[in-house]
Structure formats: structure tokens, C-alpha cells
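Report on one structure; see the data block that follows.
The values are calculated or read from the model by the stated rules, or taken from the named source; none is laboratory data. In this text the structure is predicted, and so the values were computed from the model without any measurement. So basically every Cβ, Gly included, is an ideal-geometry build from the backbone, and we count neighbours across all protein chains shown.
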Amino acid sequence: MYDLNDYHYDLPDNLIAQQPVQQRDQSRLMRLCKNSGGVEHRHFYEIPKMLRPGDILVINNTQVVPGRLFGQKETGGQVELLLLEYSENSQDKQNENICVNKCLIKASKPSKPGTIIYFEEGLKATVLNNENGYYKVQFSCSGSFDKTLHRIGKMPVPPYIKRNPGSFSDFHEDNTSYQTVYAEKKGAIAAPTAGLHFTESLMNQIKQKGIDIAPVTLHVGYGSFAPVRSSDIRQHKIHSEIFDISENTAQKITEGKNQGRRIVAVGTTCVRTLEYASDKEGRLASGMGTCDLFIYPGYRFKIVDALITNFHLPKSTLIMLVSAFAGRKNILEAYSKAFENNYRFYSYGDAMFIE
């Protein structure tokens, strides 16, 4: 269970969802019993029926920043830039707003320190340094960097979702569809995709059923797409991401756990946050920090009882996490049934409810 190849499967390209379903909650939902391995084929709008009064539904309220930018160097060369760490903190300098962010830069040649990149609406970026392919970049503009970014930036959908850089329409719908309806706190460069299936109506139905909603924040980073290269998965070092748990959420979940209420996590980001910030007795601590918990089979869960998640990439840390939660054999058999029934995979794909 520690061999990387134990988490491999072959997925036909036509099952990789390139667009979301027209209505979020119309996506399909596979219900998986982690004890028996039994599977039911349902739809996401049925999720309120599957949740129980008294459950605590934990959501990740991070907001994806439109941090994919297309510009030009002074020489005219085309550049694609992706913000890796978002900060809107800026300082005024000679009638310009200045802020510094960590980025990836895609161009015909590596960008040297001092390289200037020009974007729409007067936004300018100056490369400060390059460390192992990660660039420190100073942005400057006459107005608010945050507002400028939200006007000209594109959503950083994953690389397996194909978009045409020259077509605005290819990106426009992502601005809303690649964001959860409960997104609040800016900082993610990838969506917590299990949450994309929820609508305002579904959230209201869930609350009316007597289910508590407990928000946490984990700003999903670029490391979510980083491949596992170690043949023994225990040698892999996972990325770290910033999290924030309020005192109210920590208290609600700790008390709920003590009362025997079911803790239902929406997405692997919530699982990692809750498990990282809890002690051996299942008490959840409030506060901010960075989470670098790598969950793979053999891990003993302290907080999470049920999980809503999408279908994940082979050999990824995410499929290892769900395998730890439901059993590797159960997950791979469930995925096989998903292939047979033409489920849609990955970020814009269908969902699973594991209980």
C-alpha cells in the first residue's frame, strides 16, 4: 500500500471534465459505504437527504484569486504568469501601488532579474529573482492591485482543463464556475473542488434540516498539482498551505465530536485542515498556521466521519487520502464502476459521498 503504482489507474481522456455541468447540483454523485464497499449512483441535489440532522458540515471558504495573467516583455515576447502566493498588501511609491508576490512564469526563455512584463490596464511586473523556477515579482499599478487583478486576471484552472489563451469566452465562465458559492477569504490559486457542487438552495435545505455549517479556511496552493515522484509514497514531502480556524468553528466541532455528532468534511482540504489541527483526543484547536499533513493508508482519523469529494488524479496525494479514509481496494473498485458508468472526473467532474 506504500508503492506509488498501487494508486495508478488508466482514465480515458473523454472522462476528464472540461466544463462544469450547467447547474452545479445536477452533477452525479456516487455514494460509497467505506465499510462494505457498496456503491449507489445518485445526483448531488440529493445530498441533503443523505445528511442527518445533527451532522456538522465543514466547508472551506477560501476564495480563488484570478491569478493567471497574459502579458508581454519589452521585447514583445508573450508571457503567461501565475501567482503562487497572493498578497494584496501594497505600499504607495511615487503615485504607484507596489506589491510583491511569488509566481511561475511561462515564456520562450527564462526571465532574468530586471525583466519587465506589461499587462492590460497599466499593470507592470518586474522580475526580482528566480529560485528553482519560482519567481519573486514586484507588481506596480496606478490603482488597486487587487481590483486590477480581478478585472484582467483569469481563473487558474488546472492544466488538464484546456483553455485558449486568445479567447475571452474560454475563461469568462470560469470566473464564477470555478468558485464555490460560499467563497469568502481571498488567497487560493486552486478551488476546493468538492464545494463546487453546492448551490445557495442546497445550503439552505441543509441548514433547514438541522445540520450545522462550520467554515474553515485553507488556501489551496500550487502544490495540489505537484506529482508524487517517490516510488515509496512515505518518502514524499507534501506542500504546505495556509489555514485559519475560528474559535467558534473549533468549539462547535470539538463539542459535536464529544456529543457523537457526525463530522462531514467537504473536500480533502477540509480533511487535512481538521486532522492537522486536532489532538489525539479529537479536540480541534483554533488559530492560523501552515498545514503540511500528508494522509495516506495507515493514518488514523481523529475528526472526520464522512467525506464529500471529487474523483482524483492517479498517483496523487488526493487519491491516497481518500484511500486512507475508505480503503484503497474500495476506492479503486468504486473508480472502476465510475468508468463503466461514464462519471466525469477531476475538478469540474462528478462527486462522491463516502460514509
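A compact table of results
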quantity	calculated
Subset of the stretch 226-275 that is basic (Lys, Arg) and under 20 Å from the mean Cα position of the chain (by Cα) - its residue that is surrounded by the fewest Cβ atoms within 10 Å (Cβ to Cβ)	LYS237
Residue identified as assigned by TED's automatic domain parsing to the domain that holds GLU46 and without any contact (Cβ under 8 Å) to a residue 24 or more places away in the chain among ARG283, ARG300, ARG272, ARG234	ARG300
The lone exception for GLY37 - which of (1) in contact with a helix residue (DSSP H, G or I) (Cβ under 8 Å, 6 or more places away or on another chain); (2) at negative phi it fails	(2)
Unmet criterion (only one of (1) of a type outside the set (A, V, I, L, M); (2) modelled with pLDDT of 95 or more; (3) surrounded by 17 or more Cβ atoms within 10 Å (Cβ to Cβ)) for GLU85	(2)
Boolean, THR62 is closer than 28 Å to PRO156 by Cβ and at pLDDT below 95	no
Test: residue in the stretch 26-40 that is under 30 Å from LYS237 (Cα atoms), in contact (Cβ under 8 Å) with a residue 12 or more places away in the chain, among the charged types (D, E, K, R) and in contact with a strand residue (DSSP E or B) (Cβ under 7 Å, 6 or more places away or on another chain)	yes
Long-range neighbours under 7 Å by Cβ, at least six apart or interchain, first residue of a type in the set (Gly, Ala, Ser) within the stretch 45-62, second at pLDDT 95 or above	GLY54/GLY210; GLY54/ARG261
Answer residue from the stretch 325-350, given it is of a type in the set (D, E, K, R) and in a loop (DSSP other than H, G, I, E, B) and is surrounded by the fewest Cβ atoms within 10 Å (Cβ to Cβ) among those	ARG344
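Residue by residue, here is whether (1) in contact with a strand residue (DSSP E or B) (Cβ under 6 Å, 6 or more places away or on another chain); (2) basic (Lys, Arg); (3) more than 29 Å from PRO12 (Cα to Cα) holds:
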residue	(1), (2), (3)
PHE243	yes, no, yes
GLU275	no, no, yes
ALA285	no, no, yes
MET288	yes, no, yes
THR317	no, no, no
ALA334	yes, no, no
